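Beneath this line is the structure, given in structure tokens, with notes to follow.
The values are calculated or read from the model by the stated rules, or taken from the named source; none is laboratory data. Since the model is a prediction, treat every value here as computed from it, not as a measurement. Here the Cβ is made from the backbone with ideal geometry for all residues, glycine too, and neighbour counts use every protein chain on show. Side chains are part of the model used for accessible areas, which takes the heavy atoms of the whole protein and leaves out ligands, DNA and RNA. Shrake-Rupley method; radii C 1.70, N 1.55, O 1.52, S 1.80 Å.
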Amino acid sequence: MESKYFKPYELVDRDVYKLLEDDSIKLIDPRLIETIDAVREILDVSLICNNWYWSGSRSQCGYRSKACFIGAPKSFHKLGLAVDLISTKMTAKEMRDKLKKNEDSLPHPIRIEKWDDNGEIDWLHIDLGDTKGNKIYFFKA
């Protein structure tokens, strides 16, 4: 499944893209692709996942290979079920608030990480984990 708004190299790291090129999109669950496209439409701003392709510092914010040292061995990122997004137009809190107000427009239930031990996080983590029956389930990692 192709994304309307994200190229495969925005959703995987450099090594994965070098190996699989545009076929790397197959590592991302189609429901997640559909969801992040809907998130982009709801928020109505451009979103950044990985930006290594343009010499940026973000490279592990989408799919993470099993060799990646970031996150747990069975993290949703390593299963193709999670992304971390940022925007230059909205804060993460503004994005979370707008998504909550428009949750009925989401094609699938999602979990959104909201807090860590230092308070509210400054990126939008979305995954397709257990939402406990909610359309959006906010959690602390």
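Open to solvent by 90 Å² or more (accessible area, probe 1.4 Å) and at pLDDT 95 or above, is that true of GLU21? Outline the logic, then answer.
Details: open to solvent by 90 Å² or more (accessible area, probe 1.4 Å): yes; at pLDDT 95 or above: yes.
So GLU21 fits the description; yes.
Cβ contacts < 6 Å: first residue touching a residue at least 24 places away in the same chain (Cβ under 8 Å), restricted to segment 88-108; second residue among the aliphatic types (A, V, I, L, M) and open to solvent by 60 Å² or more (accessible area, probe 1.4 Å), any location; separation 6+ or different chain. Result?
Short answer, once both residue conditions are applied: none.
How many of the residues in segment 96-128 are of a type outside the set (Asp, Glu) and open to solvent by 30 Å² or more (accessible area, probe 1.4 Å)? Walk me through how you get there before you give the answer.
So the first thing to find is which residues in segment 96-128 are of a type outside the set (Asp, Glu), and the list is 96, 98-102, 105-112, 114-115, 118-119, 121, 123-126, 128.
After this cut, where a residue has to be open to solvent by 30 Å² or more (accessible area, probe 1.4 Å) as well, the list is 98, 100-102, 105, 107-109, 111, 114-115, 118, 123.
Here the count works out to 13.
Against the definition (touching a strand residue (DSSP E or B) at 6+ places or on another chain (Cβ under 9 Å), more than 21 Å from PHE6 (Cβ to Cβ) and surrounded by fewer than 16 Cβ atoms within 10 Å (Cβ to Cβ)), how does PHE139 come out, yes or no? Quick ask: steps written out before the conclusion?
Details: touching a strand residue (DSSP E or B) at 6+ places or on another chain (Cβ under 9 Å): yes; more than 21 Å from PHE6 (Cβ to Cβ): yes; surrounded by fewer than 16 Cβ atoms within 10 Å (Cβ to Cβ): yes.
In short, yes.
Of all residues in segment 56-95, count the ones that are assigned to a loop (DSSP other than H, G, I, E, B) and either modelled with pLDDT under 95 or open to solvent by less than 70 Å² (accessible area, probe 1.4 Å) (or both). Break it down into steps so the answer makes sense when it comes.
In the first step, residues of segment 56-95 are kept if they are assigned to a loop (DSSP other than H, G, I, E, B); the result is 56-75, 80-81, 87-91.
Now narrow it down to the ones that are either modelled with pLDDT under 95 or open to solvent by less than 70 Å² (accessible area, probe 1.4 Å) (or both): 56, 58-75, 80-81, 87, 90.
Going through segment 56-95 one residue at a time, the tally reaches 23.
Conditions (1) within 17 Å of ILE121 (Cα to Cα); (2) among the small types (Gly, Ala, Ser); (3) out of contact with any Cys (no Cβ under 9 Å at 6 or more places or on another chain), marked per residue:
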{"site": "VAL16", "(1), (2), (3)": "no, no, yes"}
{"site": "ASP23", "(1), (2), (3)": "no, no, yes"}
{"site": "ILE42", "(1), (2), (3)": "no, no, yes"}
{"site": "TRP54", "(1), (2), (3)": "no, no, yes"}
{"site": "LYS78", "(1), (2), (3)": "no, no, no"}
{"site": "THR91", "(1), (2), (3)": "yes, no, yes"}
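Out of all the residues in segment 6-52, which are over 21 Å from LYS93 (Cβ atoms) and touching a residue at least 60 places away in the same chain (Cβ under 8 Å)?
Scanning segment 6-52 gives LEU11, ASP29, ARG31, LEU32, GLU34.
Might you check whether a residue that is at pLDDT 95 or above, open to solvent by 30 Å² or more (accessible area, probe 1.4 Å), over 14 Å from LEU128 (Cβ atoms) and β-branched (Val, Ile, Thr) occurs anywhere in segment 42-55?
From segment 42-55, those at pLDDT 95 or above are 42-55; that's our starting set.
Now restrict to residues that are open to solvent by 30 Å² or more (accessible area, probe 1.4 Å): 44, 46, 48, 51, 53-55.
Within this subset, residues satisfying the condition of being over 14 Å from LEU128 (Cβ atoms) are 44, 46, 48, 51, 53-55.
Checking which are β-branched (Val, Ile, Thr) leaves us with 48.
Scanning segment 42-55 turns up at least one residue that is at pLDDT 95 or above, open to solvent by 30 Å² or more (accessible area, probe 1.4 Å), over 14 Å from LEU128 (Cβ atoms) and β-branched (Val, Ile, Thr).
Exposed (fewer than 14 other Cβ atoms within 10 Å of the Cβ) and either without any contact (Cβ under 8 Å) to a residue 40 or more places away in the chain or hydroxyl-bearing (Ser, Thr, Tyr) (or both), is that true of SER3? Walk me through how you get there before you give the answer.
Numbers: exposed (fewer than 14 other Cβ atoms within 10 Å of the Cβ): no; either without any contact (Cβ under 8 Å) to a residue 40 or more places away in the chain or hydroxyl-bearing (Ser, Thr, Tyr) (or both): yes.
Judged against the criteria, SER3 is not a match.
Can you name the strands (runs of 3 or more DSSP E) wholly within segment 96-141 that have at least 3 residues being charged (D, E, K, R)? Working first, answer last.
On the way: elements: 110-116, 119-127, 136-140.
By residue number, 110-116, 119-127.
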